[in-house]
1. Between their Cα atoms, which of LYS205/LYS247; LYS55/LYS144; LYS183/LYS321 are more than 28 Å away from each other?
2. Would you mind checking the tilt of helix 190-200 against the longest principal axis of the Cα atoms of the chain, expressed as 0 to 90 degrees and rounded to 10?
3. Using only the Cα atoms of the stretch 217-372, construct the convex hull and provide its projected area averaged over every direction, in square nanometres to one decimal.
4. Per DSSP H run of n ≥ 4, the term is -39500 (n - 2.57); total these for the chain, divide by its residue number, and report the mean residue ellipticity at 222 nm rounded to 500 deg cm²/dmol.
5. For labels at HIS171 and ILE107 in the simple 7 Å Cα→Cβ model, what's the distance in nm?
6. Would you please give the FRET efficiency between GLU350 and LYS36, computed as 1/(1 + (r/R0)^6) with r the Cβ-Cβ distance and R0 = 60 Å, to the nearest 0.05?
7. Could you pull out the chymotrypsin sites (Phe, Trp or Tyr not before Pro) across the stretch 1-59 that fall in loop regions by DSSP (anything but H, G, I, E, B) with no more than 16 other Cβ atoms inside 10 Å?
8. State the Cα centre-to-centre distance between the stretch 266-326 and the stretch 1-31 in whole Å.
Amino acid sequence: MQTYLVGGAVRDRLLKLPYHEQDWVVVNSDPAQMEKAGFKPVGKDFPVFLHPESKEEYALARTERKTGPGYKGFQFHTGPDVSLEDDLERRDLTINAIAQDPQGNLIDPYHGQRDLETRVLRHVSPAFAEDPVRILRVARFAAKLAPLGFRVAPETLALMQQMVAAGEADHLVPERVWQETFKALQTDAPQRFIEVLRNCGALAKVLPEVDALFGTPQKPQWHPEIDCGRHLLMAMEVSAQLTNDPKTRFAVLVHDLGKGATPDDILPSHYGHEERGVPLVEQLCQRIRTPKDYQRLGVKVSRWHLHSHRLFELKTTTVLKLLEGLDAFRTPEDAIAFSFACEADARGREGFMDTDYPQARTLRELMQVISPLRLSDQEREGLVGKAIAEALRQKRLRAIDAFFEPLRSTRK
């Protein structure tokens, strides 16, 4: 039995990046031998085992053969005749096909170290085309490694385009689309995930509501970049600078979906896009099965983001309507996330990337004032039912009015 460290841990160690998991491949062994050594079998589709002490994953070296469409259409083979090089050949990218032996020596038959040095994401072999999930993985690695200057090799992008044209992307299951999207949202350049998917044609297959934004114009006096898709990429870039929260970044991804469904006869105006986007956000979330709280925030940002932009112009009653629409008193975390998403939207425009957006800061300060408000026993005296709720509403209105009074005086 020979074991080798493989995959992300080797790659990230060479790039001097932090890593949290280690994966191992085992050569010259079989399931019976692994169990005899104390490893616990956990793999459903192929033999994967947990180390009895470290609980890290050890997979038997394997080859695979395409037997049907999609990422599940494979037949796997393991056995003592499968070499380390055979196992590495089935991996997606050369930078993920480097192994390290117990002495620290690197085994790199597909020149992954060279591609690490030249910052290239390149497929290992033509077998890449057999698994559509690899399209999503390449886009996600492009997002993860964008700060280091990585680019997708032209021949790999061409192969991804061929896969989409052949219908492989049609077989991507919702769980994998969301899983890779979620991971991409946690990177420093989530916009690259969208760019790469669009460049290979997969965005129209997996996130058609987002793809519809590209090529859709908007008024240059508000959006000098004009194209709605370009605005989205810029807003996502700003969102990654503002917050590490993937839920907020997701809300930015879906905040303008209504613009992709604007009737042609009113373009480049997008009147009503906020409400028009709500069913599209819900549709996208339900299709790729996002968590409920992601859908909830996405809907709120779609519906209310223009109110944030006009915050200093709103009447007191409209400000309260905004807070109530955000359900800010029960989910204050959503109101905070909303403020960051709106800032990303406002600054994600040509010439505005580095501008101040005081509305977000003001909204968060307002929440600190309004959230703790309760009716005292004296204020509740003699009130029942709806009268109690109305008294609290009036108290909130007075507090909002008092909060904004000095701000309005300053802005006159």
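Quick note: the coordinates plus some simple rules give every number you see, no bench work behind them. Predicted model only: the values in this text are computed from it and were never measured. No Cβ is skipped: glycine too gets one built from the backbone with ideal geometry, and neighbour counts run over all protein chains shown.
1. Numbers: LYS205/LYS247 22 Å; LYS55/LYS144 26 Å; LYS183/LYS321 34 Å.
The pairs that break the limit, which is 28 Å between Cα atoms, are LYS183/LYS321.
2. 60 degrees
3. On the way: hull surface 36.1 nm².
The orientation-averaged projected area of the Cα hull of the stretch 217-372 comes to 9.0 nm².
4. Numbers: 19 runs with 209 residues, N = 412.
Rounded to the nearest 500, the figure is -15500 deg cm²/dmol.
5. 2.9 nm
6. Details: r = 64 Å, r/R0 = 1.07.
In this case the efficiency is close to 0.40.
7. On the way: sites: TYR4, TYR19, TRP24, PHE39, PHE49, TYR58; in loops: TYR19, PHE39.
Passing both the DSSP loop test and the Cβ count: TYR19.
8. Rounded to whole Å, the Cα centres lie 44 Å apart.
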